[in-house]
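What follows is calculated from the coordinates using simple rules that are stated; it is not laboratory data. Note that the structure is predicted; figures quoted are calculated from it, not measured. Here Cβ is always computed from backbone atoms with ideal geometry, including for glycine, and neighbour counts include all displayed protein chains.
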Amino acid sequence: MDDVVAVTFSPAGLTVLVPVGTLVVEAARRAGVLVPAPCGGRGVCGSCGVRVLDGELAPPDEDEASGLARAPHGVRLACRARIAGPVELRPLAVHAGTGAIASEARVVPTAVSASRLVAGVDLGTTTVAAVVVDAATGRELSRAAVPNRQQSYGADILSRLAAALGEGEIALSQLAWSSIRDALSAALGLVAEPLPSLASVVVAGNTAMSALVAGADVARLAVYPFEIPELPTTLDASELGFTAAQDAIVTLLPPIAGFVGGDALAGVIAGGLCDAVAPTLLVDVGTNAEVLLAGVGPIRAASAAAGPAFEGAGISCGGPAAPGAVESVRLGEDGSVDLTVIGGGAPAWVSGSGLVSAVAELVRRGHVTEDGLLVAEGPLASRVGRDEGGVLGVVLDEASGLRLTQLDIRALQLAKAAVRVAVERVLNSAGVAAVDVDEVRVAGAFGGAMEPADLADLGVVPAGLARCMTAVGNTALEGAAMIALDEGLLSCAREAAAGAVQVDLASDPGFSAALMAATRLARY
């Protein structure tokens with residue numbers, strides 16, 4: 001039998017017994033500690049860093065040694081490092097412990113007027129959000145958001161589908177349920193006692209997230225032509241694991257087509273797209289970005305794998321839109337840097353909207369070229385330089401050392417390119433020019449916090465759309481809550497899904513070339 005040793009994760013103080021040779025990331029999963037592994041365990045992104053506080057790990061293999069070149073000094077990569085003996089570790093990014101850790105929470109002061117509550121859940125790839133509503137009045141009582149615990153299996157959908165096919169399907173399903181439970185528990189914890197029961201929970205997720213939480217066979221979804229597996233319309237409330245929801249009806253919103261999932265369908269309801277009479281775009285910015293066009297015949301929809309940069313993940317200084325996060329950056333011609341921090345106080349990391357804002361400002365001040373190259377010449381010249389590992393970056397906050405790197409800018413370039421191509425292809429499929437669009441609604445848990453001018457100046461959307469963009473927040477969450485309140489909307493949603501037209505980017509022979517062209521950081 002393999003030797004079994006104790007692995008302790010600080011600061012949570014959680015200890016788990018694992019065999020010698022176990023990957024650190026696997027030990028973290030067993031302990032319930034979220035250590036994101038955006039690259040899916042290939043050792044190439046350097047984002048799953050852990051610091052050894054006591055004990056030791058096995059020497060790094062060739063893959064880890066290569067990946068450590070992009071990690072801070074003295075850090076090991078959880079996705080490659082193996083346990084050699086009893087050890088105490090501190091993840092560089094701590095997102096979870098024994099309870100639900102809300103990365104964003106909000107409570108609306110209001111009395112609970114009934115004994116029934118309903119809830120909407122946005123099961124996102126990076127973040128899971130929940131909102132609790134008084135069923136009698138329709139008033140929002142509270143909302144919260146937590147990291148999706150599946151991040152330890154990769155940042156993107158395809159990494160998680162690959163993990164599911166590699167015997168990780170049950171684990172990924174359990175982690176999805178745990179994330180939903182975390183979000184609901186955090187939101188319910190903000191509701192005044194006595195706590196009424198949950199009568200209805202509506203879950204909106206992209207196609208892959210819906211399939212994984214339902215425990216469906218994802219084999220056909222993982223390969224082209226990405227066929228949607230058969231999904232249930234309701235889920236087992238007992239999986240939520242707490243008394244307040246034991247009698248709830250848990251509804252899973254159906255996908256529209258391909259990777260245009262139930263979250264996009266919820267956005268159709270929240271955005272009123274079923275009733276649009278003029279060309280209207282809904283651009284849901286997230287790890288799996290979705291673009292929908294209404295008002296010109298049937299709804300047209302496309303999805304794009306944007307990656308987690310828009311949600312503040314997968315970048316060196318990134319984090320959730322929670323207290324301590326930079327949500328806006330403005331640069332002065334004199335070299336000054338003005339940071340807007342959620343909750344005030346010192347900045348701890350940069351959210352997705354902060355990343356977009358910072359890069360847009362760097363482009364405007366000439367520190368980032370149209371092809372994404374970070375240069376020193378300009379008002380922030382003294383802040384641009386290489387760190388101890390030789391990585392080029394720009395310091396945003398000298399007190400904390402918070403900085404953006406060239407690699408962060410590249411991550412944003414790829415994310416914005418995916419969204420740009422999706423927007424262009426959807427418009428082209430309907431023969432609609434950008435100047436003819438009546439309204440653009442920018443949605444998403446983090447997309448709603450972004451400045452339309454920043455999105456336009458970076459070329460995330462065509463310049464012709466800048467005049468009519470509005471940030472509308474998390475429409476997936478809002479739509480799920482609306483359907484939980486009014487069952488009649490579920491029929492409307494299903495009718496919209498049945499009549500929708502999918503714009504398949506994967507089958508477009510010019511997609512790769514268009515994607516590369518769209519990495520340009522400029523208004524065009």
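Once you have a ≥ b ≥ c as the square roots of the Cα gyration tensor eigenvalues for segment 448-497, tell me rounded if a/c is under 1.5, and otherwise prolate or oblate according to whether a/b is larger than b/c. Taking the square roots of the gyration eigenvalues as a ≥ b ≥ c, segment 448-497 is prolate. Select from the chain the helices, each a whole stretch of DSSP H, whose alpha-carbon atoms run 30 Å or more along the helix axis and whose Kyte-Doolittle mean is at least -1.0; answer none if there are none. Answer set is 406-430. Full extension of the chain between A514 and E88 gives 148.6 nm of extra length, using 0.36 nm per residue less the Cα-Cα distance. Remark: D61, D263 ranked as D61, D263, counting other beta-carbon atoms within 10 Å and listing the fewest first. Packing around the peptides 267-276, 197-206, taken as the average count of other Cβ atoms within 10 Å per residue, puts them in this order, highest first: 197-206, 267-276.
Its relative contact order, with pairs defined as Cα atoms under 8 Å and 6+ residues apart, puts segment 104-252 at 25 percent. Apply the a/c threshold of 1.5 to the C-alpha gyration tensor of segment 396-524 and tell me whether it is rounded, prolate or oblate. Oblate shape, in that a/c is at least 1.5 and b/c is the bigger or equal ratio. Taking the average, over residues, of other Cβ atoms within 10 Å as the packing measure, peptides 136-145, 158-167 rank 136-145, 158-167 from highest down.
The overall shape of segment 4-91, judged from the alpha-carbon gyration tensor, is prolate: a/c is not under 1.5, and a/b is greater than b/c. Each Lys and Arg contributes +1 and each Asp and Glu -1, all at the Cβ; summed about the Cα centre of the chain, the dipole is approximately 360 debye. From largest to smallest, the equivalent ellipsoid semi-axes obtained for segment 240-384 from the alpha-carbon gyration tensor read 36, 22, 13 Å. Take the Cβ atoms of A136 and S66, set R0 to 51 Å, and the FRET efficiency comes out at 0.30.
Full extension of the segment from A506 to E227, taken as 0.36 nm per residue of separation minus the current Cα-Cα distance, would add 99.2 nm. The value of relative contact order for segment 309-409, using C-alpha pairs under 8 Å at least six residues apart, is 24 percent. Residues I180, I483, I249, arranged from fewest to most other Cβ atoms within 10 angstrom of their Cβ, appear as I249, I483, I180.
Sorting the Cα pairs of segment 104-252 by distance into bins of 5 Å, from 0 upward, gives 2, 10, 20, 22, 18, 12, 8, 5, 3, 1, 0 percent per bin.
Multiplying the residue separation of L158 and A346 by 0.36 nm and subtracting their alpha-carbon distance yields 64.1 nm.
Using C-alpha pairs under 8 Å with a sequence gap of at least 6, the mean separation divided by the residue count of the chain gives a relative contact order of 13 percent.
Here segment 307-331 is scanned for amide nitrogen atoms under 20 Å from the site 7 Å beyond the Cα of E388 along Cα-to-Cβ, giving 316-318. Just to verify a number: FRET efficiency for L373 and D436, C-beta to C-beta distance, R0 = 41 Å, to 0.05? Between L373 and D436 the formula returns 0.75. Histogrammed with a bin width of 10 Å, the alpha carbon distances of the chain distribute as 4, 19, 29, 28, 16, 4, 0 percent, first bin at zero. Over the residues of the chain, the helix contribution to mean residue ellipticity at 222 nm works out to -7500 deg cm²/dmol, using -39500 (n - 2.57) for each DSSP H run of at least 4.
Exposure proxy for D508, D338, D284, D156: other Cβ atoms within 10 Å of each Cβ, ordered fewest to most, give D338, D508, D156, D284. Scaled against the 2.2 N^0.38 Å expected of a compact globular protein of N residues, the Cα radius of gyration of segment 309-409 reads 0.97.
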